[in-house]
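Novice: Below is one structure. I have some questions about it.
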Amino acid sequence: MVAINLIDYPRWPSLARESILNVPADIRNVKVNIDGRVIDYSGEVDSVVITGMGGSGVVGDIVSDLCWFWDCKVPIIVSKNMRLPRRLSKPLVIAISYSGNTAETIMSANEALSRGYPIIGVTTGGKLSTILSNKGVPVVLVPKASAPRYGLPSLLYPTLIILERFGIASVANELESGISGMERALKAIDEAERLAGELLNAIPIIWVGESRRGVGIRFKNDLNENAKYFAIVSIIPEGAHNDIAAVTTKQVGLRHIAIMGPNDYEGRYLETLLDVVSSFGAKPLVVKLEGSTPLESEMYGVTFLGITTLVLAHLLNVEPISTLPIDRLKEELDKRKLFPV
Ligand code: PA5
């Protein structure tokens with residue numbers, strides 16, 4: 001066993017527990033007055049838009065996954081853009097930015113305000129916190145981590161509580177199981193080391209069903225950002241109608257890796273796909289998400305696969321925390337005044 005720096009992962013259970021303390025208990029009583037128009041947080045909502053980018057935006061994907069299992073009362077719209085989707089009727093907008101300085105998320109939050117939607121910020125501070133707080137909009141301030149993606153539980157858990165407070169999902173009984181999922185993954189370091197070793201010298205192609213899209217996207221993002229490793233995520237069934245055709249690719253080494261949860265309705269579909277991929281000579285890896293609730297298996301997956309990418313970074317001798325190209329892009333966008341924020 002090699003000594004891997006797990007960065008903030010060992011703190012994930014406590015980050016999850018701490019972060020939910022900051023969700024205002026009376027959030028449904030909030031009324032915000034924007035230029036004479038009152039935004040009333042006690043009203044009915046018919047969708048939830050979760051807007052954010054990268055390590056913050058993935059919270060939307062994870063909530064969307066969970067709603068394939070939970071009886072979520074309204075559609076969850078995941079928005080990773082500088083604009084909100086058009087023609088929303090009565091949405092609740094949750095704007096998530098770890099730093100609070102991501103221009104796309106700030107623009108979306110401003111748009112929500114100008115369209116008169118109830119909005120809640122989830123952030124460690126930054127401009128998002130200032131803009132929203134100055135207008136009396138609720139902001140959940142969450143604990144800091146070494147970089148946005150390492151603070152995932154601090155961003156996800158308050159979001160789940162917000163959904164509970166708005167009567168959209170009943171999450172309270174599952175929160176502890178999600179923490180068990182993180183703890184279980186923290187004990188699976190040997191397995192993470194084995195998996196990371198299998199991914200060396202190849203481009204991982206991650207196969208995942210729609211109901212685990214968040215785990216697949218998060219794994220790809222962690223490969224990109226922690227290990228600076230290129231990877232592809234293919235969501236089935238759609239990916240079975242296009243990406244699969246590239247299984248015959250000879251120019252670059254592909255490493256097929258499938259993610260499967262215990263009760264995923266796409267399970268048999270994914271098994272069939274793997275049989276077909278194998279019939280072309282590939283030797284796919286399978287990661288089974290462990291856990292007795294949807295949140296537990298989801299959190300097991302994102303934690304285990306995140307740790308795997310830290311091991312890969314270690315094997316590649318890559319520094320995992322910094323993401324210079326992302327920083328440079330943000331600076332350039334700022335310099336070129338692409339966003340009026
Ligand atoms: O994980 C990361 O560092 C990035 O993907 C960031 O989350 C992304 O750039 C958005 O920044 P923030 O989460 O601060 O809004």
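Novice: If we count every other residue with Cβ under 14 angstrom of GLY100's Cβ, Lys/Arg +1 and Asp/Glu -1, where does the sum land?
Specialist: My count for the surroundings of GLY100 gives +2.
Novice: Right, something else. Out of all DSSP beta bridges with both ends in the chain, state the antiparallel percent to the nearest 5.
Specialist: So the antiparallel bridges in the chain amount to around 10 percent.
Novice: Which one of VAL215, VAL63, VAL30 has the biggest mean-square fluctuation once the chain is modelled by GNM with Cα springs under 10 Å?
Specialist: Highest fluctuation among the options: VAL30.
Novice: What Kirkwood Rh does the chain have if only Cα atoms enter the pairwise 1/r average? Answer in Å.
Specialist: Evaluated over the chain, this radius sits at 20.6 Å.
Novice: From the helices alone, meaning DSSP H stretches of at least four residues, give me the mean residue ellipticity at 222 nm for the chain, per-run term -39500 (n - 2.57), in deg cm²/dmol to the nearest 500.
Specialist: Roughly -13000 deg cm²/dmol at 222 nm, from the helical runs in the chain.
Novice: Using a Cα distance threshold of under 20 Å, what count of lysine pairs results for segment 179-315 when pairs must be 8 or more residues apart or interchain?
Specialist: 5
Novice: Here's something else I'd like to know. Using the reciprocal of the averaged 1/r over all distinct C-alpha pairs, how large is the Kirkwood radius of segment 37-98 in Å? Don't skip to the answer; put the middle values down first.
Specialist: Working: mean 1/r = 0.0813 Å⁻¹.
For segment 37-98, the Kirkwood estimate is 12.3 Å.
Novice: Please work out whether segment 1-64 counts as rounded, prolate or oblate from its C-alpha gyration tensor, where a ≥ b ≥ c are the square roots of the eigenvalues and a/c under 1.5 means rounded, while otherwise a/b larger than b/c means prolate and anything else oblate?
Specialist: prolate
Novice: Please find, in a Gaussian network model of the chain (springs between Cα atoms separated by less than 10 Å), the residue of THR124, THR248, THR159 whose mean-square fluctuation is greatest.
Specialist: THR248
Novice: Using a 10 Å cut-off on Cβ atoms, rank the peptides 51-61, 259-269 from the highest mean neighbour count down.
Specialist: With the highest mean Cβ count within 10 Å placed first, the list reads 51-61, 259-269.
Novice: Give the cross-link partners of LYS135 among the lysines, using a straight C-alpha distance below 21 Å as the criterion and excluding same-chain residues fewer than 8 apart.
Specialist: Partners within reach: LYS31, LYS90, LYS127.
Novice: May I pose another question? Looking at the square roots a ≥ b ≥ c of the eigenvalues of the Cα gyration tensor of segment 103-253, which shape do they give, rounded for a/c under 1.5, prolate if a/b is larger than b/c, or oblate? Write down the numbers at each step before the final one.
Specialist: On the way: a/c = 2.03, a/b = 1.71, b/c = 1.19.
In terms of gyration-tensor shape, prolate.
Novice: Considering the Cα trace of segment 9-170, what is its radius of gyration and what is Dmax, both in angstroms?
Specialist: In Å, with Rg to one decimal and Dmax whole: 14.2, 47.
Novice: Convert 4 °C to kelvin, take the viscosity as 1.567 mPa s, use the Kirkwood radius over C-alpha pairs of segment 293-332 as Rh, and evaluate the Stokes-Einstein diffusion coefficient in µm²/s, rounded to a whole number.
Specialist: D, rounded to a whole number, is 107 µm²/s.
Novice: I've got another one for you. To the nearest 20 debye, what is the magnitude of the charge dipole of the chain about its Cα centre, counting +1 on the Cβ of each Lys and Arg and -1 on the Cβ of each Asp and Glu?
Specialist: Dipole about the Cα centre, nearest 20: 1040 debye.
Novice: Compare LEU92, LEU329, LEU160 in a GNM of the chain, Cα atoms joined below 10 Å, and give the one with the largest fluctuation.
Specialist: The residue with the greatest mean-square fluctuation here is LEU329.
No lab work stands behind these numbers, since they all come straight from the coordinates. In this text the structure is predicted, and so the values were computed from the model without any measurement. Cβ atoms come from the backbone with ideal geometry, glycine included; neighbour counts cover every protein chain shown.
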